[in-house]
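Chemist: Pasting in a structure now, in structure tokens, and then I'll have a few things to ask.
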Amino acid sequence: MATTGAIFEKVIAAQSALNTTGGIGAGKTSGRLAIAAYAVFSATTTAGVVTIETAPNAEWAGTWASIGTLTWTVANDVKYLRADGPVGAIRARISTAIGVGTVDVYLLACD
């Protein structure tokens, strides 16, 4: 079944704690041919990594498959990742705690 348009959602807002997650369920991503992620590190950050992951569904209790990482290099910065789909559910996970400041993460799934 073909989909139209794009899904663009802020899935993590002003967070810093290790293993904080936010995502888009498989019902919204099914059939999408590309995904992208933005990590926006605040002006006070000193470290951190966000991993973009996929699984068959949002309730997956096992280890999610890694699509890629968005790694902090400087405060007040944006990192971007793009990958081909289709995928099931996608999520962002803070895989290295954000030092001092916070991160916002946006996920995009499009045709």
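Chemist: Considering only residues that are over 13 Å from the mean Cα position of the chain (by Cα) and assigned to a strand (DSSP E or B), look in the range 97-111 and name the one that is modelled with the lowest pLDDT. Give the steps one after another, and end with the answer.
Modeler: Of the residues in the range 97-111, the ones over 13 Å from the mean Cα position of the chain (by Cα) are 97-102, 110-111.
Filter once more, keeping what is assigned to a strand (DSSP E or B): 97-99, 110.
Values: ALA97: 98, ILE98: 98, GLY99: 96, CYS110: 90.
Checked the range 97-111; the qualifying residue modelled with the lowest pLDDT is CYS110.
Chemist: Suppose we keep only residues that are within 11 Å of the chain's Cα centre (by Cα) and of a type in the set (Gly, Ala, Ser) within the range 23-59. Which one would you say is farthest from ALA89 (Cα to Cα)?
Modeler: ALA39
Chemist: In the list VAL49, VAL78, which residue meets the criterion of being farther than 19 Å from PHE8 by Cβ and of a type in the set (Val, Ile, Thr)?
Modeler: It is VAL49.
Chemist: Test each condition in (1) at pLDDT below 95; (2) crowded, with 17+ Cβ neighbours inside 10 Å for LEU33 and report the one that comes out false.
Modeler: Of the numbered conditions (1) at pLDDT below 95; (2) crowded, with 17+ Cβ neighbours inside 10 Å, the odd one out for LEU33 is (2).
Chemist: Here is a follow-up. Here are some conditions: (1) in contact (Cβ under 8 Å) with a residue 40 or more places away in the chain; (2) surrounded by fewer than 17 Cβ atoms within 10 Å (Cβ to Cβ); (3) not hydrophobic (A, V, I, L, M, F, W, C). SER95 meets all but one. Which one does it not meet?
Modeler: All conditions are met except number (2).
The values are calculated or read from the model by the stated rules, or taken from the named source; none is laboratory data. Bear in mind the structure is a predicted one, so any value in this text is a computation, not a measurement. When we count neighbours, we look across all protein chains shown, and the Cβ atoms used for this are built from the backbone with ideal geometry, even at glycine.
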